[in-house]
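Q: One structure, as structure tokens, below. Some questions next.
The values are calculated or read from the model by the stated rules, or taken from the named source; none is laboratory data. Computed from a predicted model, the values in this text were never measured in an experiment. Positions of Cβ are generated from backbone atoms using ideal geometry, with glycine treated the same way; all protein chains shown enter the neighbour counts.
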Amino acid sequence: MVEPDCCQLCERREVRLTRHHLIPRRTHRLKRIRRRFSRNERQQRILFLCRPCHKQIHAVLDEKTLAERYHDRDALLGHPDIARFVAWIADKPGGINPQTHRPRR
């Protein structure tokens, strides 16, 4: 997989990218995940994200929820807290490192 030149969520350029497994590795051994996704899918469903977007996803969603409901880009952008964060950070410079907080429930 070739690393893109921008974050695949906020689309900011000139940011350092991290690999986000859309199906978290800790969930690969769960029976329901193994039945739903092939080994290849579990290993290759990846987004390249800037650190703030990556941190926000893990602050908002636990790994089981990520694997079961938010295992693609469109689903992540459909989550209201993540969509709000992505819209906010999209026009910020690459060096910004905002504090990440769990959203209020």
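Q: Here are the criteria: (1) more than 15 Å from C7 (Cβ to Cβ); (2) at pLDDT below 95. Tell me which single one G78 does not satisfy.
A: (2)
Q: Name the pairs whose Cβ atoms lie under 8 Å apart, with the first residue in the stretch 47-67 and under 19 Å from N97 (Cβ atoms), the second part of a loop (DSSP other than H, G, I, E, B) and among the polar types (S, T, N, Q), and 6 or more positions between them or separate chains?
A: Every condition considered, the pairs that remain are F48/Q8; L49/Q8; R51/N97; P52/N97; P52/T100; K55/T100; Q56/T100; A59/T100.
A quick yes/no check of all residues on (1) surrounded by 15 or more Cβ atoms within 10 Å (Cβ to Cβ); (2) among the β-branched types (V, I, T); (3) not in a strand (DSSP E or B):
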| position | (1), (2), (3) |
| --- | --- |
| V2 | no, yes, yes |
| C10 | yes, no, yes |
| R32 | no, no, yes |
| K55 | yes, no, yes |
| L66 | yes, no, yes |
| D74 | no, no, yes |
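Q: Ok, one more. Out of all the residues in the stretch 86-96, is one or more within 17 Å of the chain's Cα centre (by Cα) and farther than 25 Å from D5 by Cβ?
A: Our first condition is that a residue be within 17 Å of the chain's Cα centre (by Cα); within the stretch 86-96, this holds for 86-90.
This time we only want the ones that are farther than 25 Å from D5 by Cβ, so: none.
Checked against the condition, which is being within 17 Å of the chain's Cα centre (by Cα) and farther than 25 Å from D5 by Cβ, the stretch 86-96 yields no hits at all.
Q: Return the residues of the stretch 81-105 that are of a type outside the set (A, V, I, L, M), modelled with pLDDT of 85 or more, surrounded by 13 or more Cβ atoms within 10 Å (Cβ to Cβ) and in a loop (DSSP other than H, G, I, E, B); say none if nothing qualifies.
A: K92
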